[in-house]
Structures are given as C-alpha cells and as structure tokens.
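Undergrad: The following block contains the structure, expressed as structure tokens.
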Amino acid sequence: VQLQASGGGSVQAGGSLRLPCAASGSGFSGKTMAWYRQAPGKQRELVASIGHGGTTHHSDAAQGRFTISRDNGKNTVWLQMNSLKPEDTAVYYCNFFTIHLRIPWGQGTQVTVSS
C-alpha cells in the first residue's frame with residue numbers, strides 16, 4: 001500500500017485546512033489510520049487516529065480544533081484543521097497507527113501557520 005498526504009499550505013492563524021490522505025493498493029481496509037506531524041527540531045507526534053469503524057482519538061493539542069475522518073470506499077482519510085495556530089506549523093504525515101504495520105514515512109505535506 002502507498003499513502004499520499006496532501007492539502008498543506010500557508011494560512012494565517014485562525015484559518016482552516018483539510019488534508020486528504022489517499023491510499024492505493026491493498027492494506028487500507030480494516031486498519032486504524034492516523035495523522036502525525038513533525039515540527040522543526042521536534043519529534044514526530046500523533047495528531048489523531050481513526051479505526052476502521054470510525055472510532056477516533058485526537059491528541060490534546062488537536063482536540064476541539066481538528067477532526068479526523070475516513071471514507072473506506074474511497075480509501076481516504078482526512079484531517080480537518082480549524083482555528084489553526086502558529087504552533088501547528090509542521091510537516092503532516094499519514095500512516096497506519098499500529099507500529100508493525102507502518103510503511104516508510106513519505107514526504108508528508110507542509111502546513112505553515114503565520115501569526
């Protein structure tokens with residue numbers, strides 16, 4: 001399976017972005033998917049995860065502002081980000097949540113939030 005994250009860009013604080021992650025090939029179905037991010041000089045961190053049936057978890061930083069969703073028929077996971085803050089600036093990645101299922105991290109998509 002290949003995962004392609006996109007939709008990043010530059011926005012002002014308070015703005016919104018919606019990031020899609022499209023999966024190609026087999027392996028998407030039935031798996032918990034997740035969005036991660038890595039800010040400059042920091043470790044990659046989990047932003048949100050979603051099970052095959054739609055059960056979600058959002059990090060404390062994302063709770064109330066970000067929403068993860070998925071369409072199993074379209075093999076796509078989205079991250080809706082609202083009320084963006086400068087501290088949300090990072091490269092965002094999608095991948096499987098379960099460590100032993102993860103594929104090599106791709107380029108991700110850059111999100112830059114200016115104050």
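The values are calculated or read from the model by the stated rules, or taken from the named source; none is laboratory data. Remember, predicted model here, so these are calculated numbers, not experimental data. Here the Cβ positions follow ideal geometry from the backbone for every residue, glycine too, while neighbour counts run over all protein chains shown. Note: areas computed on protein heavy atoms with side chains; ligands, DNA, RNA excluded. Shrake-Rupley method; radii C 1.70, N 1.55, O 1.52, S 1.80 Å.
Undergrad: Return a whole-number percent for the relative contact order of the chain, with Cα pairs under 8 Å and 6 or more residues apart as the contact set.
TA: Across the chain, relative contact order equals 35 percent.
Undergrad: Still on this structure: At a 1.4 Å probe, what is the % contribution of carbon and sulfur to the accessible area of the stretch 18-115?
TA: 49
Undergrad: Under unit Cβ charges (Lys, Arg +1; Asp, Glu -1), what dipole magnitude, rounded to 20 debye, does the chain have relative to its Cα centre?
TA: That gives the chain a dipole magnitude of about 140 debye.
Undergrad: Moving on. What does the accessible area per residue of the stretch 42-89 come to in Å², with a 1.4 Å probe and no ligands, DNA or RNA counted?
TA: Averaged over the residues of the stretch 42-89, the accessible area is 54 Å².
Undergrad: If you don't mind, another one. Once you order the gyration tensor axes a ≥ b ≥ c over the Cα atoms, which shape class does the stretch 1-54 get: rounded for a/c under 1.5, otherwise prolate or oblate by comparing a/b with b/c?
TA: prolate
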